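The values are calculated or read from the model by the stated rules, or taken from the named source; none is laboratory data. These numbers come from a predicted model, not from an experiment. Neighbour counts run over all protein chains shown; Cβ positions are idealised from the backbone, glycine included. Just the protein is used for accessible areas: all its heavy atoms, side chains included, with ligands, DNA and RNA removed. Shrake-Rupley method; radii C 1.70, N 1.55, O 1.52, S 1.80 Å.
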Amino acid sequence: MATSNEAEKARHALRRRRRLRQVLGAVVCVLVVIGLASVISGGVRLTASLFDDTEEKEEFELRLQTLVSLDPEPFDSLESANRARLLDAAIWSVIQQNSDSLDTYERDEVGAMYLPTLDIDRAVASLYGPDFHFNYETFTDNGLTFQYVPEKNAYLLPITSVNGNYSPRVMQIRREGSTKRVTVGYLDLYGSGEIVFDPTKLEPAKYMDYIFTRSGDAYYLTAITESEMKAESQTGSVSSGGAQAPVAPQDQVMDNVASALPESVAPAQSGSASESTTTDPASAPAE
């Protein structure tokens, strides 16, 4: 009798161990599945982050904003570029980056601002590289005169509200050895005859490739070329599927806007702050 009870207890203990092993096995399987799902999900997120270059595109758009707005001609090297246009872009880049503190800069008797070349040097180094330099002197670009004042080591900026037609949209970035080919779409903010305040409604009027070459830990602009990407519309107007609106000159657009503003806030439109003799920096070699 005792032997029968002991046998029954042994069978009962065996069944409990089996159920425990089954439960443990199920728990282990669930944990394995959860672990695999986490690994796969993490891998997908990592892969997506590796291919998501949105932040880099935004950085290039910010770096190229003033240069693209001035629509520079293509060039194979900085030495062969229109240096007046490059310097013009660097000057406006300083204005853009310091828009919240422009009242701290020295002004002349009519309110024109003196921009120190030290600030320009930093903008030049950021876009074109620390080894690229300008011979600072009075120059003209886009019909505007930038007067160099040696005793202040500064430019007396023209009083104007006009500064280019285009805004950049980086379409793609391709790495080619030690260079990056940045394809930029040109958004024409004035092409429809009205100022477009929402660039997301625009399609690029054209495309250009900006070539950045690695130097140290950074990439700097070294060339601009025609892009293989072509625009469907050459007007850059808001996409509506209908007939294209005629293109109005930017000056006309700005005049229309200025006339709509109260007289006390309408922007000045004079072409320059001075009628001094001018020199094109394109003729001056880099130091």
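Multiplying the residue separation of residue 98 and residue 76 by 0.36 nm and subtracting their alpha-carbon distance yields 4.9 nm. Taking 0.36 nm per residue of sequence separation and removing the Cα-Cα distance, the residue 231/residue 133 pair yields an extension gain of 31.8 nm. A Förster radius of 41 Å, combined with the Cβ-Cβ distance separating residue 176 from residue 151, puts the computed FRET efficiency at roughly 0.35. Taking a ≥ b ≥ c as the square roots of the eigenvalues of the Cα gyration tensor, segment 45-116 is oblate, since a/c reaches 1.5 or more and a/b is not larger than b/c. Note that segment 99-194 presents 46 Å² accessible area per residue, ligands and nucleic acids not counted, probe 1.4 Å. Couplings 3J(HN,Hα) for segment 110-115, derived from phi with the Karplus relation 6.51 cos²θ - 1.76 cosθ + 1.60 (θ = phi - 60°), are 9, x, 5, 8, 8, 10 Hz, where x marks Gly and Pro. Sequence-ordered 3J(HN,Hα) estimates for segment 121-138 from the Karplus curve with 6.51, -1.76 and 1.60 and θ = phi - 60° stand at 4, 5, 5, 4, 5, 5, 9, 9, x, x, 8, 9, 9, 10, 8, 6, 6, 4 Hz, glycine and proline given as x. Under a 5 Å amide H cut-off, with hydrogens placed 1.01 Å from N, residue 154 pairs with 117, 149 among residues at least 5 apart or on other chains. Using a ≥ b ≥ c from the Cα gyration tensor of segment 55-164 (square roots of the eigenvalues), is it rounded, prolate or oblate, where a/c under 1.5 gives rounded and otherwise the larger of a/b and b/c decides, a/b for prolate? Taking the square roots of the gyration eigenvalues as a ≥ b ≥ c, segment 55-164 is prolate. Rounded, prolate or oblate: pick one for segment 147-211, where a ≥ b ≥ c are the square roots of the eigenvalues of its C-alpha gyration tensor, a/c under 1.5 means rounded, and failing that, prolate if a/b is larger than b/c, else oblate. It comes out oblate by the Cα gyration axes.
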